[in-house]
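Where a number appears in this text, it was derived from the coordinates with a stated rule and is not lab data. Predicted, not measured: the structure shown is a model, and the values here were computed from it. All Cβ positions, even for glycine, are placed from backbone atoms using ideal geometry, and neighbour counts span all protein chains on display.
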Amino acid sequence: MAVKNFVVGLFDDEAVLFPAVKKVRTAGYKLHDVYTPFPVHGLDHAMGLRETSLHTAGFIYGITGTTTALSFMSWVFNVDWPLNIGGKPHFPLPAFIPITFELTVLFAAVGMVYTFCYLCQLMPGVKKHIFHPRQTDDKFVMVIELTEKTNAEEVKNFLASAGAHEINEQRAEAGWWFGRYDKDDEPYLRKIQTTNA
Amino acid sequence: MHLKYESTLREPLVDGVKDYHQVTEDIISPIEGKPGKLWYVGFFISLTLLGFGAFSVFWQIYFGVGVWNLNKTIGWGWDITNFVWWVGIGHAGTLISAILLLFRQGWRTGVNRAAEAMTIFAVMCAGQFPIIHMGRVWMAFFILPYPNTRGPVWVNFNSPLLWDVFAISTYFTVSLLFWYSGLLPDFASVRDRAKTKLRKLLYGIAAFGWTGSTKHWQRHEALSLVLAGLATPLVLSVHTIVSFDFATSVIPGWHTTIFPPYFVAGAIFSGFAMVQTLLIITRKILHLEEYITLGHMEAMNKVIVLTGSVVGCAYLTELFMAWYGANPYEFATFFKYRAAGPLGWSYWIMMTCNVITPQVFWFRKMRRSVAVTFVMSIIVNIGMWFERFVIICTSLYRDYLPSSWSYYRPSWPEVGFYMGTFGLFFTCYFLFAKYFPVIALAEIKSILKTSGENYKEKMVVYEEMPAEKFAHDVAHAH
């Protein structure tokens, strides 16, 4: 949650984007993020992002579902209210399998989706700065954060040489906030408006 | 950059000269425009059906299950037939979105969004039947294992009917999550190009604040893959468990071990037929012929002829076992009262629609004909409805005691209820087709450069190149 200055470069083609990412990293600029309209395979590795652990989380949720189902059904049939159902055993494992399986899947799926939303800060009402309206359409948007060590002009020239065809400088909120997309309600803009008034 | 090499012999999955922006334009512009006259007509008819269905259900709840023509001999009739039929229809959506994702079938990208939507709406329709069938619907929550003041008396975890509760609700939840997580990036595309304030606001809420960050895409891919991995056994389990409702009983005609695979194949069969019906109309009305191509329809018709034949094989196996098993009651069920007898006509409708007619799809010309596919998709759905009717009613109407033998035809609230679920299904589908991106935008874009028509043309150079040179070039490309 901080307002930062960025230099934004637009790329038309992912084939140009890949070498550009490489160059940014060797040049040592602070790569804020790359926004793409679809998953570009290998871009995460090119940017040096680590592999996601979402799978592991899913496994843990799944195991939780398995144990919940098995232990709950056994507890009901053996401890809480042992009932003779046609002389069948109180721990009929084969009959427990379907529900155990369903709960494993349910817990894993629901847990993973929630974790995904939490990690990516996705929720109805959440708003984030959109650097270019066509980043969800056909443009690949590379965003470099300006620190006190970087010179904006230098970064712009660098992006131009790397193949970006539209380059601009933006001051924006780097995190998320609760807002509406039909309004310009970035938190720092709101503050400016209130001080002006 | 794309290391995937796809032969030019494979036909393109996206026809026409398209770039990424054109894809967005083609798929999102129907959302931004006003719906056509046909849409209003269809939507109004669906709403009318839905209203009639609601009235039929009200009638049944007000007067009790007695208004249905079920009796002591035939306790399951249209209601459970319709339940199994709708659940089965849902299965194709999950098959396309999950199983074909695991098999890396590129063609699924054109049809998966609509097919998944169909799954969700079909399961919504299916769920109504067992609940309303309970009679006292206000007690429907008794099927949930919650701590109650009656002991607590818990539900019976040995019962396949309870397994069904878990299976169907899990299936619905997981399908919904899978579908919606795929929709997030596409809603963001609609949001970011929206011109009106209302659209920006609503799609802004629906997109959950998606930006298209690389890290988010990485997680999104991982999520889709794991959800697909979970949904694959799930979809097989759901219809397996539905078949357990019958197979674990001791009614001749139900008590067979062949039911799970037979039901799953039948489900996929009818589901693909419904996908065809919907997509043929959708591609025509929304002008998406370049995305849902004849190639897509052909691929689905191949699945239809395969699963139709599996189902046909199962019918014959059942007949064989009824004879070879030497159980006189089972023999009588199959040969005297199912293939013949007062309800024998339904068996032959089923045989004709499910086994004989789909064989036209052995011919490429038929598989690629829109008219034939459309007619066949309806025939298959009629056939699969009769399959469930045959299994349920012809096994019940001649039971062990001849004095209780009976016949069954539905009353108007039963028919009305069924019509009502059609209304619900199509109301939802019409809203989906108008307000949602009908084709998975981001996914189409990600296969465009390997499977789009204009990109395929560039491959001709490589196609003529010797393999050694191609390998050398790839290895030394920078």
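Results, tabulated for the structure shown:
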quantity: Protection proxy ranking, peptides A:161-173, B:138-150, average beta carbon neighbours within 10 Å, highest first; calculated: A:161-173, B:138-150
quantity: Cα-derived Rg over Rh, computed across chain A with Rh taken as Kirkwood radius; calculated: 1.21
quantity: Dimensionless Rg/Rh of the protein assembly as shown - Kirkwood Rh, Rg from C-alpha atoms; calculated: 1.02
quantity: Per-selection Kirkwood Rh - the stretch B:60-171 (Cα, Å, 1 d.p.); calculated: 16.3 Å
quantity: Compactness index (Cα Rg / 2.2 N^0.38 Å), the stretch A:1-83; calculated: 2.01
quantity: Calculated over chain B: convex hull of Cα atoms, volume per residue (Å³); calculated: 188 Å³
quantity: Within 10 Å of each Cβ in A:106-112, the average number of Cβ atoms from other chains; calculated: 6
quantity: All Cα pairs of the stretch B:341-388, percent lying beyond 16 Å; calculated: 40 percent
quantity: Estimated Rh, the stretch A:85-188: Kirkwood, alpha-carbon pairs, angstrom; calculated: 18.9 Å
quantity: Pair A:Thr64, B:Leu38: separation of 7 Å Cα→Cβ label points (nm); calculated: 4.8 nm
quantity: Neighbouring partner chain Cβ atoms per residue of B:157-163, average, 10 Å criterion; calculated: 5
quantity: Chain A: most fluctuating residue of A:Val21, A:Val143, A:Val105 per GNM, C-alpha cutoff 10 Å; calculated: A:Val105
quantity: Within 10 Å of each Cβ in B:15-28, the average number of Cβ atoms from other chains; calculated: 2
quantity: C-alpha long axis of helix B:370-396 to longest principal axis of chain B, angle in °; calculated: 30 degrees
quantity: Rh (Kirkwood; distinct C-alpha pairs) - the stretch B:348-478, Å; calculated: 21.0 Å
quantity: Across A:Lys139/B:Lys197; A:Lys128/A:Lys183; A:Lys128/B:Lys34; B:Lys34/B:Lys195; A:Lys22/A:Lys128; B:Lys34/B:Lys197, pairs whose alpha-carbon gap is larger than 18 Å; calculated: A:Lys139/B:Lys197; A:Lys128/B:Lys34; A:Lys22/A:Lys128
quantity: Burial ranking of peptide ranges B:336-348, B:239-251 (average Cβ count within 10 Å, highest at the top); calculated: B:239-251, B:336-348
quantity: Ranked by how many other beta carbons lie within 10 Å on average, peptides A:123-130, B:206-213 from highest; calculated: B:206-213, A:123-130
quantity: FRET efficiency estimate (nearest 0.05) - Cβ-Cβ, A:Ala160 to B:Thr149, R0 60 angstrom; calculated: 0.25
quantity: Taking N as its residue count, the alpha carbon Rg of the stretch B:51-123 over 2.2 N^0.38 Å; calculated: 1.58
quantity: Karplus (6.51, -1.76, 1.60) ³J(HN,Hα), θ = phi - 60°, over the stretch B:100-105, in Hz, Gly and Pro reported as x; calculated: 6, 5, 5, 7, 6, 8
quantity: Value at 222 nm in deg cm²/dmol, rounded to 500, when DSSP H runs of n ≥ 4 in chain A each add -39,500 (n - 2.57); calculated: -14500 deg cm²/dmol
quantity: Inter-centroid distance (Cα atoms) of the stretch A:115-181 relative to the stretch B:141-190, Å; calculated: 39 Å
quantity: Acute angle (nearest 10 degrees) that the helix B:37-63 long axis makes with the longest principal axis of chain B, alpha-carbon atoms; calculated: 30 degrees
quantity: Estimated FRET transfer efficiency (A:Phe178, B:Phe363; beta-carbon r; R0 51 Å; 0.05); calculated: 0.30
quantity: Mean-position separation - Cα centroids, the stretch B:192-233 and the stretch B:309-371, in angstrom; calculated: 44 Å
quantity: Rg(Cα) / (2.2 N^0.38 Å) computed for the stretch B:180-306, rounded to two decimals; calculated: 1.47
quantity: Helix-only mean residue ellipticity at 222 nm for chain B, each DSSP H run of n ≥ 4 adding -39500 (n - 2.57), per residue, nearest 500; calculated: -22500 deg cm²/dmol
quantity: Euclidean distance between Cα centres, the stretch B:19-47 to the stretch B:255-304, Å; calculated: 22 Å
quantity: Principal-axis tilt of helix A:187-196 within chain A, Cα atoms, nearest 10 degrees; calculated: 50 degrees
quantity: Per residue convex hull volume, Cα atoms of the stretch B:402-477, in Å³; calculated: 262 Å³
quantity: Distance between modelled label sites at A:His41 and B:Val415, nm, 7 Å Cα→Cβ extension; calculated: 5.3 nm
quantity: Estimated distance in nm for a label pair at B:Leu102 and B:Lys195, the labels positioned 7 Å out from Cα along Cα-to-Cβ; calculated: 4.5 nm
quantity: Listed residues A:Val113, A:Val79, A:Val34, most fluctuating in chain A (Gaussian network, C-alpha, under 10 Å); calculated: A:Val79
quantity: Pairwise FRET efficiency - B:Ile356 versus B:Asp473, Cβ, R0 = 56 Å, nearest 0.05; calculated: 0.60
quantity: Isotropically averaged projected area of the stretch B:99-255, using the convex hull of Cα atoms (one quarter of hull area), nm²; calculated: 13.9 nm²
quantity: Paramagnetic reach from A:Glu145 in the stretch A:10-40 [backbone N under 20 Å; point 7 Å along Cα→Cβ]; calculated: A:10, A:21-36
